[in-house]
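See structure below.
The values are calculated or read from the model by the stated rules, or taken from the named source; none is laboratory data. In this text the structure is predicted, and so the values were computed from the model without any measurement. All Cβ positions, glycine included, derive from the backbone under ideal geometry; neighbour counts span all protein chains shown.
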2 protein chains.
Amino acid sequence: MDDDDALPSQPQRIAPQSGTAFKLRRGDLLRVSDPFGEQVADLFAFQDGEAACSLSSGRSIDYASKVCFSVGDVLYANDSQPMFTIVADTVRRHDFLMAPCSQEMFAKLHHCQGPHPSCFDNLCRALQPHGIAPHQIGTTFNIFMNVAIDLDGTVRVLPPTSRSGDFIELRAEMDLVCGLTACSAEQSNNGSFKPIDFAIVRAAVAHDA
Amino acid sequence: MDDDDALPSQPQRIAPQSGTAFKLRRGDLLRVSDPFGEQVADLFAFQDGEAACSLSSGRSIDYASKVCFSVGDVLYANDSQPMFTIVADTVRRHDFLMAPCSQEMFAKLHHCQGPHPSCFDNLCRALQPHGIAPHQIGTTFNIFMNVAIDLDGTVRVLPPTSRSGDFIELRAEMDLVCGLTACSAEQSNNGSFKPIDFAIVRAAVAHDA
């Protein structure tokens with residue numbers, strides 16, 4: 001085991017309207033922070049080495065019997081295995097209904113003509129070196145995204161309630177390949193694009209591979 | 001063109017707690033009926049010949065800006081192509097949040113010990129001859145499933161509001177392979193399991209393959 005394994009990795013910054021990918025081992029903690037406030041980060045994940053096992057909004061909502069996830073809640077994979085447990089959360093307002101923003105979303109909802117950066121494209125690019133194809137990227141866990149659901153079922157995207165320094169912390173419940181973005185959608189981020197910070201606290205392991 | 005193509009196909013009955021699969025051509029109408037009332041039917045679909053293109057709850061909710069779908073609403077694929085348009089609906093209460101019921105769901109939520117029939121297993125069995133693997137089956141459009149979302153995000157599964165003879169009709173917007181069930185979950189069907197009927201009205205086509 002590397003002595004640094006139990007220490008937080010160097011915090012990383014995701015530039016505005018971009019994305020990245022990284023691996024977590026079971027037990028690792030992922031902290032996602034909003035350095036300037038009102039900025040969404042889309043998260044998707046696969047079991048490391050088994051891309052058929054991926055994050056499932058439908059299973060997670062069913063098993064939690066709620067659409068708002070916070071401390072103590074589990075995000076499940078499509079095969080019903082736990083992928084993440086939320087262990088800290090200063091915001092308590094995230095979305096698990098919406099697909100990541102995409103070129104098609106900007107065209108359909110915002111009549112955008114030209115190319116527009118998007119979480120979907122950024123996840124595709126970041127996860128491609130891990131062998132992930134675009135169609136395998138499903139509904140993301142949209143950290144800090146503030147979606148109101150009215151009693152008639154109408155969904156409204158509101159400014160995030162996150163302020164500078166707010167964060168969420170998720171424990172990996174299996175070895176994972178994760179994609180994470182600083183969201184590219186005007187409406188989701190109250191009209192401006194900011195970076196997202198993340199850090200990984202490595203779990204102590206007896207035998208490092 | 002076969003003269004029968006513009007006529008409704010013989011209505012089919014799906015036995016309680018079972019499922020089936022069938023193909024639709026673009027323009028076909030699929031009518032799903034509840035013959036006895038309070039019975040849910042889970043629907044999933046793939047583009048015929050392109051299993052990477054499949055039904056997406058996350059895209060559909062995003063593009064509709066609502067979680068309750070009825071007449072005029074479009075169900076989208078993961079690549080943002082329209083798959084279905086709802087053209088008739090006597091119930092107006094369906095779910096698009098929940099994964100299909102599964103062995104794991106019955107164990108997790110209802111402490112079920114032994115095997116339990118499930119929509120997920122029934123969809124897997126029905127779609128396997130079409131080359132579909134279990135992990136490719138995502139969040140279903142749960143016809144007649146009555147899910148209340150409280151303002152705090154709590155989700156409650158209530159008895160369906162469908163009565164005997166109620167139906168929904170969906171137009172296929174591309175050539176499709178569909179899986180459809182008569183749902184196996186006690187809670188979703190007010191405690192009893194009934195069949196589901198469906199019929200296909202074939203679109204008139206100039207040149208039948």
Worksheet item: Would you pick out the residues in region A:132-151 that are part of a loop (DSSP other than H, G, I, E, B) and among the polar types (S, T, N, Q)?
Response: A:139, A:140
Discussion item. Condition first: over 19 Å from residue B:125 (Cβ atoms) and either part of a strand (DSSP E or B) or at pLDDT below 95 (or both). Now tell me which residues in region B:11-31 satisfy that.
Written reply: B:11, B:24, B:29, B:30, B:31
Worksheet item: Which one is farthest from the other protein chains (Cβ to nearest Cβ) among residues in region A:122-134 that are surrounded by 20 or more Cβ atoms within 10 Å (Cβ to Cβ) and touching a residue at least 60 places away in the same chain (Cβ under 8 Å)?
Response: A:126
Fill in: Conditions (1) among the polar types (S, T, N, Q); (2) over 25 Å from residue A:95 (Cβ atoms); (3) buried (at least 24 other Cβ atoms within 10 Å of the Cβ); (4) at the interface with another protein chain (Cβ under 10 Å from one of its Cβ atoms); number of the one not met by residue B:103
(3)
Fill in: Top-ranked residue of region A:135-155 - restricted to ones that are without any contact (Cβ under 8 Å) to a residue 40 or more places away in the chain and facing chain B (nearest Cβ under 8 Å), ranked as nearest to residue A:54 (Cα to Cα)
A:135
Worksheet item: Which one is surrounded by the fewest Cβ atoms within 10 Å (Cβ to Cβ), of the residues in region A:65-75 that are at the interface with chain B (Cβ under 8 Å from one of its Cβ atoms) and under 14 Å from residue A:97 (Cβ atoms)?
Response: A:66
Discussion item. Could you tell me how many of the residues in region B:21-68 are in contact (Cβ under 8 Å) with a residue 24 or more places away in the chain and charged (D, E, K, R)?
Written reply: 9
Item to complete: Name the one entry in A:90, A:85 that is within 21 Å of residue B:97 (Cα to Cα) and either β-branched (Val, Ile, Thr) or free of Cβ contacts under 8 Å to residues at least 12 places away in the same chain (or both).
Response: A:85
